[in-house]
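Notes for the one structure printed next.
The values are calculated or read from the model by the stated rules, or taken from the named source; none is laboratory data. Just so it is clear, the model here is predicted, and its values are computed rather than measured. Quick reminder, even Gly has a Cβ in these numbers, built from the backbone with ideal geometry, and neighbours come from all protein chains shown. Heads up: the accessible areas ignore ligands, DNA and RNA and are worked out on the full protein's heavy atoms, side chains in. Shrake-Rupley method; radii C 1.70, N 1.55, O 1.52, S 1.80 Å.
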Amino acid sequence: MTQTSNEIFIAAPAQSVYELAAATEHWPNILPHYRFVRVLEERPASRVVEMAARRGVIPVRWTAEQTNDPVRPHIAFHHLRGWTRGMDVEWIFEPVEGGTRVRIEHRLAFQFPIAREWLGEHVVGNFFIRDVAGKTLACMKQLAEGR
């Protein structure tokens with residue numbers, strides 16, 4: 001099982017940061033490394049989104065079920081298609097003095113037939129996930145603190 005975690009402190013209220021993060025359909029307009037986000041299906045408690053970003057010049061793409069909980073606040077993704085199928089992602093918003101600690105946790109049992117642990121950790125986790133999630137959090141910080 002590959003697990004990664006990215007974390008950042010944002011000098012803004014948790015609800016404000018959550019609202020930016022939960023509106024994934026707007027990410028391509030506010031996050032320069034995102035190519036597109038398409039809402040494929042709205043469900044009563046969740047929605048299915050197709051997302052595409054860049055890791056440098058390398059395009060990445062996946063489809064996930066997104067569940068937003070504004071009360072906690074909390075965002076969960078379960079990847080349905082793509083290289084990361086089966087991955088679970090959580091956005092955790094922890095109110096702290098002066099703002100919010102935001103953590104994105106990824107858990108993936110990579111399903112590649114050869115060297116899955118090594119590829120899951122080093123290629124998917126360290127090379128792709130950490131980079132894209134790190135850029136996402138840095139942009140969210142800049143946007144939320146600029147409000």
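Could you please state how large a percent of the accessible area of region 43-110 is carbon and sulfur, counting protein chains only and using a 1.4 Å probe? Mind dumping the intermediate values first?
Values: 1780 of 3410 Å².
The nonpolar share, carbon plus sulfur, comes to 52 percent.
May I ask for the angle, rounded to the nearest 10°, between helix 130-146 and the longest principal axis of the chain, with both axes built from Cα atoms and the value confined to 0 to 90°?
Helix 130-146 sits at roughly 10 degrees to that axis.
Does region 43-104 come out rounded, prolate or oblate by the C-alpha gyration tensor, with a ≥ b ≥ c the root eigenvalues, rounded set by a/c under 1.5 and, if not, prolate when a/b is larger than b/c and oblate if not? If you can, show how the numbers build up before the last one.
Details: a/c = 2.79, a/b = 1.43, b/c = 1.95.
Here region 43-104 falls in the oblate category.
Just the number please: accessible area per residue for the chain, 1.4 Å probe, all protein chains included, in Å².
That works out to 53 Å² per residue.
Net charge near Asn68: determine it from the other residues with C-beta under 14 Å of the C-beta of Asn68, scoring Lys and Arg +1 and Asp and Glu -1.
Working: positive: Arg43, Arg47, Arg72; negative: Glu19, Glu25, Glu42, Glu65, Asp69, Glu90.
Summing Lys and Arg as +1 and Asp and Glu as -1 gives -3.
Which value in deg cm²/dmol, rounded to the nearest 500, describes the helix-derived mean residue ellipticity at 222 nm for the chain, given -39,500 (n - 2.57) per DSSP H run of n ≥ 4 and division by the residue count?
Numbers: 3 runs with 30 residues, N = 147.
That calculation yields -6000 deg cm²/dmol at 222 nm.
Against the globular-protein guess of 2.2 N^0.38 Å, express the Cα radius of gyration of the chain as a ratio, rounded to two decimals. Please list the in-between numbers first.
On the way: Rg = 14.8 Å, N = 147, 2.2 N^0.38 = 14.7 Å.
Dividing the Cα Rg of the chain by 2.2 N^0.38 Å gives 1.01.
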